[in-house]
Amino acid sequence: MIENRISLKFTASEITQINDAIETLVTLVGPKLIALSEDEKKRLSKISDDSIPFNEKVAQYAVSNPEFIPQFWSADEFLIDFSAFRDLRGFIRLIDQVYTNMQDTSMLAGSESDGFARAYYGAVGQAAKMGVPNAQAIYDDLSARYESLRKPRPRTTPKPEEE
């Protein structure tokens with residue numbers, strides 16, 4: 001027998017609660033978020049783990065020694081931005097862990113269900129070849145999934161020119 005590593009079922013109540021939690025997250029955070037273009041993402045400087053202690057020290061010094069703040073910068077805005085960075089980074093870590101595990105669990109559940117579906121399809125195909133009642137109709141219905149694979153593919157290499 002094939003190993004079944006997952007047997008997961010959500011109750012209707014759990015699905016409602018999860019959707020409500022996601023909706024709450026979207027409602028609370030969504031209006032505060034900004035979407036960047038790929039070009040903008042490339043141009044922006046990034047804070048790495050190595051940069052965080054530096055920024056934390058700057059936050060302390062900007063408060064204790066404001067005389068060094070360049071005139072065209074705002075310490076208040078820096079503190080707001082850095083605080084938002086730290087808060088969002090914490091949220092992202094939690095969400096990323098849940099997201100990654102959800103992706104992995106979804107992949108495993110999909111793989112196991114697809115394995116069963118393929119095995120069932122194979123068994124129906126064998127039954128159809130043996131003339132078992134109902135098997136051919138089921139096989140024909142299920143084989144639509146593979147029709148696009150059976151169609152001849154257009155030539156991808158150019159025909160040699162005739163002389």
- Any residue in the stretch 81-93 that is closer than 30 Å to SER7 by Cβ and not hydroxyl-bearing (Ser, Thr, Tyr)? yes
Open item on the list: Any residue at all in the stretch 70-90 that's surrounded by fewer than 11 Cβ atoms within 10 Å (Cβ to Cβ), among the basic types (Lys, Arg), on the phi < 0 side of the Ramachandran plot and in a helix (DSSP H, G or I)?
Closed with: no
The condition of being at pLDDT 95 or above, loosely packed, with under 11 Cβ neighbours inside 10 Å and under 15 Å from the mean Cα position of the chain (by Cα) holds, among ASN101, ASN134, only for ASN101
| task | Determine whether ILE52 is assigned to a helix (DSSP H, G or I) and within 17 Å of ILE80 (Cβ to Cβ). | result | yes
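Condition test on GLN71, is it modelled with pLDDT of 95 or more, farther than 30 Å from SER143 by Cβ and among the polar types (S, T, N, Q)?
Answer is no for this residue.
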Taking the stretch 103-126 and keeping residues of a type in the set (D, E, K, R) and either in contact with a His (Cβ under 7 Å, 6 or more places away or on another chain) or touching a residue at least 60 places away in the same chain (Cβ under 8 Å) (or both) leaves GLU112
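The values are calculated or read from the model by the stated rules, or taken from the named source; none is laboratory data. These numbers come from a predicted model, not from an experiment. As a convention, Cβ positions derive from the backbone with ideal geometry for all residues, glycine included, and neighbour counts pool all protein chains shown.
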